[in-house]
Amino acid sequence: MKIDRLIGILSILLQKEKVTAPWLAEKFEVSRRTINRDIEALCKAGIPLTTAQGRGGGISVMEDYRLDRTLLTSADMQAILTGLKSLDSISQTNRYRQLMDKLHIEASPLMPAGSHILINLVSWYRSSLPPKIELIREAAECHEIIRFTYFSPGRETQREIEPYLLVFQWSAWYVWGYCLSRQDYRLFKLNRIQSLTRTGQCFVPRETPEYDASPDKAFPNTLTASVRFQPTAKWRLVEEYGLDSFSEEPDGTLLFSGSFFDRESLFVWLLGFGEQAELLTPEPLRAEFLSLLKRTAEPYLPQKPYQ
């Protein structure tokens with residue numbers, strides 16, 4: 001990926017006084033023209049690089065740039081490489097490990113041995129998820145439309161999108177792009193995507209809005225509910241909503257208040273607590289939830305004999 005290469009080139013320039021474009025091209029296994037474009041991109045990003053032609057020439061950071069050796073500190077490099085290692089855990093490749101090897105990063109004075117953070121992005125879907133991520137990554141780099149079947153609550157649809165971002169949040173992977181059928185930007189969960197293909201049809205990248213990672217943007221809450229929980233459910237409330245989401249009553253029960261996308265998401269959440277939860281408000285939903293509980297129990301009730 002281009003961003004990996006830019007980080008690599010910048011790291012090398014901070015460690016060496018001068019390097020040549022052919023040397024970088026061989027190091028990163030790309031053409032010299034690609035390296036020249038990368039150097040131009042770094043300059044546009046505000047890194048003051050200078051190039052010299054002829055014998056003894058090369059690419060270097062400008063001598064009067066006072067942040068040249070402190071631009072990336074040891075902590076900065078540790079953070080960057082921790083992130084790169086985490087991407088190898090999900091892609092099931094050694095792409096980022098190879099990048100670090102090319103930089104001789106373990107021997108760098110910026111990188112003392114030993115890291116105290118490990119990010120492992122491997123999921124339960126380790127056989128199906130990496131191929132989707134790789135396909136979307138390649139399509140996004142080539143500006144190519146992708147097509148897939150998407151499973152939403154109650155229906156499945158065929159979608160074609162312009163992929164712009166691979167997103168890991170809320171403990172899951174998503175692709176964010178411009179949906180051609182909805183004529184708007186949408187977020188799609190990769191685990192709900194099937195029959196994913198590249199169409200071979202290229203698109204001109206749009207002026208995309210800034211991606212908003214807030215849950216309220218993707219899943220706007222329209223329903224507020226209060227629930228009484230037994231003390232045994234406290235650990236789940238702390239994990240999912242935090243200590244501020246409930247108060248402890250004198251009898252030891254927990255009074256919870258929270259917002260939900262819709263009644264279905266609220267009911268599914270409550271079902272996971274069984275007898276530990278009692279829905280208090282909205283009052284009209286109590287009867288609906290009771291009806292759901294009765295329907296849920298029907299398959300387990302003794303069957304009446306035929307008359």
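Data overview
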item	result
Residue within segment 209-223 that is assigned by TED's automatic domain parsing to the domain that holds residue 165 and at positive phi present	no
Matching option when the condition is assigned to a strand (DSSP E or B), farther than 18 Å from residue 132 by Cα and in contact (Cβ under 8 Å) with a residue 12 or more places away in the chain, among 150, 185, 211	185
Subset of segment 250-289 (residues that are free of Cβ contacts under 8 Å to residues at least 12 places away in the same chain, surrounded by 13 or more Cβ atoms within 10 Å (Cβ to Cβ) and more than 33 Å from the chain's Cα centre (by Cα))	286
Residue identified as among the aliphatic types (A, V, I, L, M) and within 24 Å of residue 170 (Cα to Cα) among 271, 285, 280, 255	271
Any chance residue 50 is hydroxyl-bearing (Ser, Thr, Tyr), part of a strand (DSSP E or B) and surrounded by 12 or more Cβ atoms within 10 Å (Cβ to Cβ)	yes
Any hit, segment 25-36, residues being modelled with pLDDT of 80 or more, of a type outside the set (D, E, K, R), over 30 Å from residue 173 (Cβ atoms) and not in a helix (DSSP H, G or I)	yes
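The rows are residues; the columns are (1) part of a loop (DSSP other than H, G, I, E, B); (2) modelled with pLDDT under 60; (3) loosely packed, with under 12 Cβ neighbours inside 10 Å; (4) not assigned by TED's automatic domain parsing to the domain that holds residue 202.
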position: 106; (1), (2), (3), (4): no, yes, yes, yes
position: 116; (1), (2), (3), (4): yes, no, yes, yes
position: 122; (1), (2), (3), (4): yes, no, no, yes
position: 127; (1), (2), (3), (4): yes, no, yes, yes
position: 138; (1), (2), (3), (4): no, no, no, no
position: 146; (1), (2), (3), (4): no, no, no, no
position: 157; (1), (2), (3), (4): no, no, no, no
position: 160; (1), (2), (3), (4): no, no, no, no
position: 164; (1), (2), (3), (4): no, no, no, no
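The values are calculated or read from the model by the stated rules, or taken from the named source; none is laboratory data. Computed from a predicted structure; not experimentally measured. Here the Cβ is made from the backbone with ideal geometry for all residues, glycine too, and neighbour counts use every protein chain on show.
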